[in-house]
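So the structure is just underneath, and the comments pick up after that.
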Amino acid sequence: MMAVALKSWKALGTSVHVVTTDEAALGRAEVAVSDVLLDVDSTYSRFRPDSELTHLNASAGRPVSVSPLLATALAASLRAARLSNGAVDPTVGAAVRLAGYDDDFSKIVEDGGPITLRAWRIAGWRTVRFDAVSRRVLLPAGVELDLGSTGKALAADLAASAAHGVVKAGGVMVSLGGDIATAGTPPPGGWRILIAEDSRVAPDSDGQVIRVGSGGVATSSTTVRRWTRGGTVLHHIIDPATGLPTMGPWRTVTVVAATAVDANIAATAAIVQGEAAIDWLTVHGLPARLVENDGTIHYIGPWPDPNGGAA
């Protein structure tokens, strides 16, 4: 049983959980989080024909001025590409779409007919021209951005910050489909975070738990957002080197970092990097839990104590 207040709902095609240390503040936190998610959806949803990101992708080949929120999201995605040496790359939009992830996941046909997939090297994040000061963006012709690898985690960070700004005292935790951000003062013993492959599981459910005092936690997995085409199982994490769903040894990676964005960058990069992720995570000093396709679990770094004492 959690000693804090919890509110859950659906948004951005995923589960939203908001937790506050003060039950009286939960309603205000919920409104603040909802406002952020509405802005995020209209700004960088890949599935809305009227989103700003859709308009940017349609404008590939000519410079476009973007809003502050889209500029922030684009900057986060390019930073992810730089930090991960290109393992996490926002220019995989066309590859994700061609693999069958071309609509909100709730509308994706789970078992469909065969599609033709071919390996191809994507344009790459270095081809994107972006001026953060003027907020001007130039995509090469034919390039489609997909901010999914950082966009949801960024939304969690922004939502937690906004909620705490409204609540002011105490603490707030926001979970968006497995990307978890915290702000303010944690409850005694730290924030209780359930480690689960399926982000639809409520955070107060039974299961493996860690406790953190601040920062972010993110889980990337090939087991949830997956579908079948012509008998071939596909998923949403694209290897930029091939333009195809990654086929590495990890089915799930969870990382603890300073922010949800940083945690998600590392978790997604680890899925793509495969066995090289162990050394990469170790060098960067990031606590991580990696699950092999056969269920074998590996822990990297100082994994948080599940029994109390915030990390």
Please work out if Ala276 is surrounded by fewer than 22 Cβ atoms within 10 Å (Cβ to Cβ) and closer than 19 Å to Ile210 by Cβ.
-> no
Odd one out for Leu286 among (1) surrounded by fewer than 19 Cβ atoms within 10 Å (Cβ to Cβ); (2) modelled with pLDDT of 95 or more; (3) outside any strand (DSSP E or B) = (1)
A careful count of residues in the stretch 161-176 that are of a type in the set (A, V, I, L, M), in contact with a Ser or Thr (Cβ under 7 Å, 6 or more places away or on another chain) and farther than 9 Å from Ala29 by Cβ gives 2
Out of curiosity, is Thr43 crowded, with 17+ Cβ neighbours inside 10 Å, in contact with a strand residue (DSSP E or B) (Cβ under 6 Å, 6 or more places away or on another chain) and touching a residue at least 24 places away in the same chain (Cβ under 8 Å)?
-> no
Please work out which one of (1) among the β-branched types (Val, Ile, Thr); (2) within 26 Å of His284 (Cβ to Cβ); (3) part of a loop (DSSP other than H, G, I, E, B); (4) modelled with pLDDT of 85 or more is the condition Val92 fails and give its number.
-> (3)
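When the stretch 10-64 is examined, which residues are found to be among the hydroxyl-bearing types (Ser, Thr, Tyr) and either out of contact with any Phe, Trp or Tyr (no Cβ under 7 Å at 6 or more places or on another chain) or modelled with pLDDT under 95 (or both)?
Residues satisfying the conditions are Thr14, Ser15, Thr20, Thr21, Ser34, Ser42, Thr43, Tyr44, Ser45, Thr54, Ser59.
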Considering residues that are at pLDDT 95 or above, in a strand (DSSP E or B) and over 13 Å from Ala80 (Cβ atoms), the number found within the stretch 251-282 is 3
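The values are calculated or read from the model by the stated rules, or taken from the named source; none is laboratory data. This structure is a prediction, so every number in the text was calculated from the model and none was measured. A quick note on method: Cβ atoms are made from the backbone with ideal geometry, for glycine too, and the neighbour counts reach across all protein chains shown.
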